[in-house]
Every structure is written in C-alpha cells, then in structure tokens.
Amino acid sequence: MPSDAHLAKCWWCRRSTFRTIGLVVFIIVYLVVGAIVFAAIEGPKEEELRACLQDIRADFLRTHSQCLTDGELEAFIVEIVKANERGVSAISNVSSEPNWSFGQSLFFAGTILTTIGYGHTTPLSEGGKVFCIIYALLGIPLTLIMFTAVVERLMIPSTIFLKWLNKKLEHLYRPMYIRLVHLLAIVILLMVFVFLVPAAIFSALETEWNYLDAFYYCFISMTTIGLGDYIPGDNPSQKNRAVYKIVTTVYLLLGLIIMMLALAVVYEIPELNLGFHFYMKSDEESDDEKVRLKDSEAGGPKYSQQINDGESPSN
C-alpha cells in the first residue's frame, strides 16, 4: 500500500492539478482585467453624475438659501439615502405601494430561493432577519432539489428528441454533430423564451428601460448574479405592481429551469464537458470510459443502445 507521502506526491504531480493551477491563475488574471475594464468604462460616467449632482445641490441651496442651510440639507439627504438603501423610496411623497405587499414579498422570497438576491429590498426588523436566515437555510436546498428533479424529467423529452434526430441524421452525420444540433435547438429555445421575448416584454412595460436594459436584466437574473440595478416593477407609477411581481417571479423560476436544462445537455456531450479535464479522476480514466468515448465518437452499438433506451451516453 503506498504511503501518505507517496499519495501526496502523486496528487501534486497529476496533470489535472497543473490544469487546475492554470485555471486558478487564469481566473485571478480575469478578475484583475475585469476590474481594470470596469473602472475605465464606469469611472468617467460616475464622475459626470457626481458633478451633475453637485451642481443640482448648489442650485438648490442658492434658491433656498434664506430658509435652508447646508447642514439641514445634508441631514435631509442622509435620511433619504438611508431609507432608499433599505428599500423605501421618497419618490411620490412616499405614497407608492409598500415593499412588503404580498406581490412584493413573493418576489423577494423568490430571489432568496433562487439565490439571485438583488438586494434592493431587505428585512427591516430583527425578526425578519432571523426568519430570512432560517427560510434560506431550508428553502435554497429544497429549491435546488426541485430544479434538479424537474430538469431530470425534462431530460426525458429532450432525450426522445435526440433519439429522433439520431434516426433522421445518423446516415448523414456523426453522433457528435447530431448532439450539437440537439444542443443548438435547446439553446435557441433558451434564447427565445428566456431572453429575447421576455426582454421585449420588459422593455415595453418599463418606461425607463430600452431593449438592451431589459436584455441585460434578463441575463443578470438568469445567471443569478443579481446586481439589483434594474428591478421590474420598482417604478412607483407602475400599474398592478403586485401582479407584475408575481408574474416576474414565475419567469425567474421557469427561466432558471430552462438554463439548467441547457447546462445538463452540454454536460451530456463529453467533448464539451471541459470541467472533466480539471477533475482528479481524469488522470485515471478507466478502460470503460475510453470505450464509451470511442463508441460515442464512432456511433457504435453501445452508444446506439443507450440512445434507444433513452439513457445518457455519459452514464
């Protein structure tokens, strides 16, 4: 039996370890480059807005210099900013729909369970914060399980579609190319019903959004980044905000399911499963795995039987 020192040495000398180290270095460089680009693009715009705000403040003080001091204006602005950071807007004399109506609360709960977390509305009370922690601890794992279970069932019609493509195209193309056609169909479904159509709807409903803003919101949400700079239904003049928020929550849930389906289809294609090359098991690929990849490429009996049985060739 090899010693612990030998095992540690073998772990360090694996090819996957060197690939992983290279990936870590690439991610670090990618972060630095991203920071530089964002600073270069957004920095001048921020300075422009800062200068504009300073001019507005100076004009306001000049106009109301007899009844308002700089200190009083500063204190007023501080309170407004604090309230805005907690999700309470002073627009329209604070007469808009509250953030914790049923529709708004359902939308907030949906952003927790999907881990999007826009951050534009947060619990105000101590009890709300405690409940949010417990709610997330229980809800997020259950939501992930639900997503996985739903995607597993959606893979059945997806596999049937792949089987149909295989029968129609196997005499023309290799199995790899047929799988790429299958993936392309899923990606088109994703783009149309998760990005393009919803972006058009959001841009029509949100008066201050153009199509790029709406598409940007859809992308940031579906990737669960959730920056919170664009939130549908946050305009105080928005009609039927509660219903709007509920429908948006449904969109987020269904959209994420389709996103996971597309990723599952990608992972089913060995040549596109890049993560495999960074796992330790890639250094000790079994003979069965080699045979499977060979059959998958050649369209051999094993591959065809798996397709006909509705199974994933990667299993």
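Some points to look at:
- The stretch 57-67: number of residues that are open to solvent by 100 Å² or more (accessible area, probe 1.4 Å), part of a helix (DSSP H, G or I) and not hydroxyl-bearing (S, T, Y): 1
- Scanning the stretch 203-222 for residues that are open to solvent by 80 Å² or more (accessible area, probe 1.4 Å) and of a type in the set (V, I, T) yields a single hit, T207.
- Cross-chain or 6+ apart pairs with Cβ under 7 Å, the stretch 224-235 first and modelled with pLDDT of 90 or more, then among the charged types (D, E, K, R): Y230/D213; P232/E206
- So H64, is it farther than 30 Å from I231 by Cβ, modelled with pLDDT of 70 or more and more than 28 Å from the chain's Cα centre (by Cα): yes
- Residues located in the stretch 160-187, provided they are closer than 17 Å to L272 by Cβ and open to solvent by 70 Å² or more (accessible area, probe 1.4 Å): Y173, R174, Y177, L184
- Residue satisfying condition, being exposed (fewer than 15 other Cβ atoms within 10 Å of the Cβ), free of Cβ contacts under 8 Å to residues at least 12 places away in the same chain and part of a helix (DSSP H, G or I), within set I140, I134: I134
- Of all residues making up the stretch 157-214, the number that are in contact (Cβ under 8 Å) with a residue 24 or more places away in the chain, in a helix (DSSP H, G or I), closer than 21 Å to T249 by Cβ and not aliphatic (A, V, I, L, M): 4
- Applying a threshold of 6 Å to beta carbon distances and a minimum spacing of six or more residues, or different chains, the list of pairs starting in the stretch 115-126 at a residue that is at pLDDT 85 or above and ending at one that is of a type in the set (V, I, T) and assigned to a loop (DSSP other than H, G, I, E, B) reads T115/T224; I116/T224; Y118/I231.
- Selection status of V25, within 26 Å of F278 (Cα to Cα) and at pLDDT 80 or above: yes
The values are calculated or read from the model by the stated rules, or taken from the named source; none is laboratory data. Predicted, not measured: the structure shown is a model, and the values here were computed from it. Glycine also receives a Cβ, built like all others from the backbone with ideal geometry; neighbour counts cover every protein chain displayed. In case anyone asks, the SASA skips ligands and DNA or RNA and just uses the protein heavy atoms, side chains included. Shrake-Rupley method; radii C 1.70, N 1.55, O 1.52, S 1.80 Å.
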